[in-house]
Amino acid sequence: MKIDRRQALGQIIGLGSAAGLGLVSTSLMAATDENGNYRLALGEKLKYVPLDPMATAKLAYETGGGCMHQVFHATVTMLAASASVDADKFKSIPTALAGYGFAGVTGQGTLCGNLNAIGMLVNLLDDINGQNSAVIGAAFRWYENTMLPLETPEFIAGIGSTAEKTALVGSSSVANSVMCHSSISNWSKASGKTFSQKGERCYRLSASMAYHLVELLNRAYKGEVIAGTPEAKPSDEAQRCQTCHGTTETMGPAASVKTDMECTTCHTGHFN
């Protein structure tokens, strides 16, 4: 069978179109279930837009389910109601998955749930100038080194708490660590209260972290280079430790270490 030039060109275009449709179909299927419902794919990034820090903090304060859930749910919910082109995708995220992070992962006292939530959320975000790691680092360093929870009258009123409830908090404190047990222990020492009395303190702590997280994300969105600021880097003391305990080489028999957290909170000398 002979075909003319026009017919041949039509067949080539048809094959190209079919191949293109196949590629689109495969791409779409990677982010949907068998019923065509959207499903977040590994490595996918969703578009961030600036949020109101205080409104996000207030929602975190009002949300139950433990610190990780409070921060993750509040921020995802705010993005789901935002002008982000991915607002509907944010709506599909089951924030209840973050419920495991309370008290340092179901009470184990390890990584604070607030920070666990921040890592989980920021890892999903696009349009923050590729500064996902820097935002996470800055949030972690702020948690380690800041007197928390925030306690100004403006912040307390903004999240919907009261001066009367401040008595339940006792004293704010510095965690000196990303670990829940260190954070709680230092607060207990400063306030004279026990773990079982941490309720209002931890609600306000989650609100404080949600507030600062949104501040950092808004700055990154606007183009500020968070990675270049001291707040995103390990402390001077931790950097001194890293000079011997490097990731690619070490000083003599020193162990190779990968961490940016405060070292001397737990390690008081070279043999500890």
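The values are calculated or read from the model by the stated rules, or taken from the named source; none is laboratory data. Computed from a predicted model, the values in this text were never measured in an experiment. Cβ: placed from backbone, ideal geometry, glycine included. Neighbour counts: every protein chain shown. With ligands, DNA and RNA removed, areas are computed over all heavy atoms of the protein, side chains included. Shrake-Rupley method; radii C 1.70, N 1.55, O 1.52, S 1.80 Å.
At a glance:
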{"quantity": "Extension gain from residue 106 to residue 145, taking 0.36 nm per residue of separation minus the Cα-Cα distance", "calculated": "11.6 nm"}
{"quantity": "Per residue value of the accessible surface for region 134-213 (all protein chains in place, 1.4 Å probe), Å²", "calculated": "41 Å²"}
{"quantity": "Longest to shortest principal axis, alpha-carbon extents of region 113-228, angstrom", "calculated": "43, 28, 22"}
{"quantity": "Residue-by-residue Karplus 3J(HN,Hα) for region 168-177, coefficients 6.51, -1.76, 1.60, Hz, glycine and proline x", "calculated": "6, 6, x, 10, 6, 8, 9, 6, 6, 5"}
{"quantity": "Local electrostatic count, residue 192, Cβ distance below 15 Å [Lys/Arg +1, Asp/Glu -1]", "calculated": "+3"}
